[in-house]
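Working notes, structure below.
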Amino acid sequence: SLPDGEFVQIITHEREIRTGYFVKRRKIQKKLRTGKRRRELLEKFGERERNRLNDLYHKLANKIVELAEKYGGIALEDLTEIRNSIRYSAEMNGRLHRWSFRKLQSIIEYKAKLKGVKVVFVNPAHTSSLCPVCGGKLSPNGCRVLKCSNCGFKADRDVVGSWNIRLKALKMWGVTVPPESQPMKMGGWKPTRYEINTLHTING
């Protein structure tokens, strides 16, 4: 979310990219058990995945910094402990550790510095469990929707998280946090959507 209350949704298709290459590698591993050809193909598609994601991260960072230039600052979640606090199966852990959270943030920091845009890291604790309007406790109200039992506010969990990150960042910068708008209270937010495109085919 932006300081003026506007919501922005940037569509990256990162999940589809990672899943596509994951499936491709599994097919190679099942078809070729051993040998030089197997190793070469795995390395080939591994490099292509890294290159495509690197391109995606740079384009995403450019868009974020472009939007932030109007307001002078970017707030990011402090994800230092994210990998240590989540437990999955061995296979899922392998995929999780390839998710370059910190790499993306580093690229954003670098590009923001070049443009003179401040970056602050915010503790993500409670950003998806407390109501951004009244501070009440949020509870699940559907697949991705959270609802406040105190004031009745409800929204997608990503919207709630970004709104609370915004509030924390503004306070850290010493900015007086404005009263929440009526559309926000009623859940009437409509995000402005941007899409990041990376021209590449997995099978090529």
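I'd like the residue in segment 99-146 that is among the charged types (D, E, K, R) and touching a Leu at 6+ places or on another chain (Cβ under 9 Å) and, out of all such residues, is modelled with the lowest pLDDT.
Result: Arg102.
Within segment 6-45, which residues are closer than 30 Å to Arg166 by Cα, assigned to a helix (DSSP H, G or I) and of a type outside the set (A, V, I, L, M)?
Scanning segment 6-45 gives Glu14, Arg15, Glu16, Arg18.
For every residue, the table says whether it meets (1) of a type outside the set (Phe, Trp, Tyr); (2) modelled with pLDDT of 95 or more; (3) within 25 Å of Leu67 (Cα to Cα).
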| site | (1), (2), (3) |
| --- | --- |
| Ile10 | yes, no, yes |
| Arg18 | yes, no, no |
| Leu32 | yes, no, no |
| Glu43 | yes, yes, no |
| Arg50 | yes, no, no |
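Any residue at all in segment 182-191 that's loosely packed, with under 15 Cβ neighbours inside 10 Å and modelled with pLDDT of 80 or more?
no
So which strands (runs of 3 or more DSSP E) stay within segment 95-175 end to end and still have 2 or more residues that are in contact (Cβ under 8 Å) with a residue 40 or more places away in the chain and either surrounded by 14 or more Cβ atoms within 10 Å (Cβ to Cβ) or touching a helix residue (DSSP H, G or I) at 6+ places or on another chain (Cβ under 9 Å) (or both)?
Qualifying strands (runs of 3 or more DSSP E): 118-122.
Answer with yes or no whether Ser162 is of a type in the set (S, T, N, Q), farther than 23 Å from Ile64 by Cα and at pLDDT 85 or above.
So Ser162 does not fit the description; no.
The values are calculated or read from the model by the stated rules, or taken from the named source; none is laboratory data. Predicted, not measured: the structure shown is a model, and the values here were computed from it. When we count neighbours, we look across all protein chains shown, and the Cβ atoms used for this are built from the backbone with ideal geometry, even at glycine.
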